[in-house]
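In what follows, a single structure is set out as structure tokens and then discussed.
Just so you know, all these numbers are worked out from the coordinates, no wet-lab data involved. Keep in mind that what you see is a predicted model, and the values were worked out from it rather than measured. Note that we place each Cβ from the backbone using ideal geometry, even for glycine, and neighbour counts take in every protein chain shown.
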Amino acid sequence: MAQDLRIITTGGTFDKQYDAISGELTFRESQLPRLLQQSRCTLTVHLEGPLAVDSLYMTEEQRLEVADSCLHSAEEKIIIIHGTDTMCNTAKVVAGKLGSDNRHTIVFTGAMIPFSLEASDAVFNLGCAITAVQLLPPGVYLTMSGKIFTWDNCKKNKEKGIFETLHD
């Protein structure tokens, strides 16, 4: 049975594009429509893009805005595209706002290399998130590099460029 899926994009490396004039990675438009078309995803996907911000500069108010979007979503399956540097922080805010009676399955994901650049992990991570959100019970999770983490048992290891559990 097909399910509707909401994808909320907040920016992060996933959606950055190279600006040839400034020589920097910047936000222009979300890469998700093109990525979903390229991946031949057959789910009904509702895209929502309240933010386009590097997660290092995300405010507490913006984290709460993401949580409110989840709380009020008609779709119970939600993926949040987020910058990897503070993804765990926002997941904690979302989990706290939704509380123990949460009916949503929320999966955060992102990319270490932008989708617009060669050798990006964005496609793989989005594919993992789409699969995970359909199979996991209600709760808040993260998926990166083929692994699934609960919101309260993960951290980004900046030296290795991967996500790890806090404890076994």
Virtual spin-label span in nm between LYS155 and TYR57, 7 Å along Cα→Cβ
2.7 nm
For q = 0.17 Å⁻¹, Debye-computed log10 I/I(0) when each Cα of the chain counts as one equal scatterer:
-0.99
For the stretch 72-150, I need the span (max minus min coordinate) of the C-alpha atoms along each principal axis, in Å, sorted largest to smallest.
41, 23, 21
If one builds a Gaussian network model of the chain from Cα atoms under 10 Å apart, the most fluctuating residue listed among CYS70, CYS41, CYS88 is CYS41
Contact order relative to length of the chain, as percent, for alpha carbon pairs under 8 angstrom and 6 or more apart
23 percent
Between ALA52, ALA119, ALA95, where does the largest GNM mean-square fluctuation fall for the chain, given springs only between Cα atoms within less than 10 Å?
ALA119
Segment ILE162-CYS41, extension gain: residue separation times 0.36 nm, minus the distance between their alpha carbons
41.0 nm
